[in-house]
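Worksheet: one structure, shown below.
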Amino acid sequence: MGIRVGDNAQHEFTVEVEEMKWFQTVSRDHSRIHTDSDFCRERGFDDVIVYGGIVLAHLSHVLGTKIPGKNGTSTRWTINYRQPLYLGETARIELTVTYISKAAGVVESKFKINAGAKVIATGDTQSILPVEEIDRSTSDAENL
C-alpha cells in the first residue's frame, strides 16, 4: 500500500549549542538574534533563538525519511514562524498528507511544529513521488 490522504508522520528534536555553532559556521549567519543573549533579552526574548534553517533541516528529515520518503522530491515548502524555539526545548513536527494526485505523482502535506503547547511554526509542503508509490485506491476526485 502506498501513501494516502490522512497519512501522518512525527519527529521530535532538541537543538543544542553544538548544532547552533555548526549552522553558524556553515551558513555564515552571525545575526545577533541567534548569537547574543543580552541582545535577545533586550528585545523581549528569553534567550537566543534557534536558527530557522535548523528547524527546516528537521522538516527535511521528515520529508526525506518518512513522508513522502526517500523517493520523493520536494517542489515547494511554505513555513510561517509563529514563536521562537530556544536551545534545549524539545520540538515536535507533525506532518499530515492533505492531497494526492495519482496522475501527476503530487503529494501535498500540512505541518505544525510545537514545543509543548507553544506553536513554533506552521506550513505546507508539496513533493513529487513516483506514481507507483501512491495508494492506487485513492482517486484524484477524492481530493477536491
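The values are calculated or read from the model by the stated rules, or taken from the named source; none is laboratory data. This is a predicted model, so every value here is computed, not measured. Cβ placement follows ideal geometry from the backbone for every residue including glycine, while neighbour counts extend to all protein chains displayed.
Structure values in brief
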item	result
Number of the condition not met by SER27 [criteria: (1) touching a residue at least 24 places away in the same chain (Cβ under 8 Å); (2) of a type outside the set (Lys, Arg); (3) in contact with a helix residue (DSSP H, G or I) (Cβ under 7 Å, 6 or more places away or on another chain); (4) surrounded by 15 or more Cβ atoms within 10 Å (Cβ to Cβ)]	(4)
Of the criteria (1) in contact with a strand residue (DSSP E or B) (Cβ under 8 Å, 6 or more places away or on another chain); (2) at negative phi; (3) exposed (fewer than 15 other Cβ atoms within 10 Å of the Cβ), which one GLY88 fails	(2)
Search result, residues across region 1-34 that are within 22 Å of GLY64 (Cα to Cα) and among the β-branched types (Val, Ile, Thr)	ILE3, VAL5, THR14, VAL15, VAL26
Top-ranked residue in region 15-37 [being over 19 Å from VAL62 (Cα atoms) and among the acidic types (Asp, Glu); ranked as modelled with the lowest pLDDT]	ASP29
Residue tally, condition basic (Lys, Arg) and surrounded by fewer than 16 Cβ atoms within 10 Å (Cβ to Cβ), over region 58-80	2
Identity of the residue in region 1-52, of a type in the set (D, E, K, R) and in contact with an Asp or Glu (Cβ under 8 Å, 6 or more places away or on another chain), that ends up farthest from TYR86 (Cα to Cα)	ARG4
Restricting region 1-14 to residues that are part of a loop (DSSP other than H, G, I, E, B) and touching a strand residue (DSSP E or B) at 6+ places or on another chain (Cβ under 8 Å), the residue that is modelled with the lowest pLDDT	GLY2
Pick from region 122-143, criterion at pLDDT 85 or above and either assigned to a strand (DSSP E or B) or among the acidic types (Asp, Glu) (or both), ranking: farthest from PRO84 (Cα to Cα)	ILE128
Conditions (1) assigned to a strand (DSSP E or B); (2) aliphatic (A, V, I, L, M); (3) more than 18 Å from the chain's Cα centre (by Cα); number of the one not met by VAL26	(1)
Within region 38-86, tally of residues that are under 30 Å from GLY2 (Cβ atoms), of a type in the set (A, V, I, L, M, F, W, C) and modelled with pLDDT of 95 or more	8
Where a residue in region 63-74 is farther than 12 Å from ILE128 by Cβ and its partner, wherever it lies, is crowded, with 17+ Cβ neighbours inside 10 Å, with Cβ under 7 Å and at least six apart	LYS66/ALA9; ILE67/ILE3; ILE67/ASP7; ILE67/ALA9; ILE67/LEU95; ILE67/VAL97; ILE67/SER109
Residue match in region 39-48 (condition: surrounded by fewer than 18 Cβ atoms within 10 Å (Cβ to Cβ) and aliphatic (A, V, I, L, M))	no
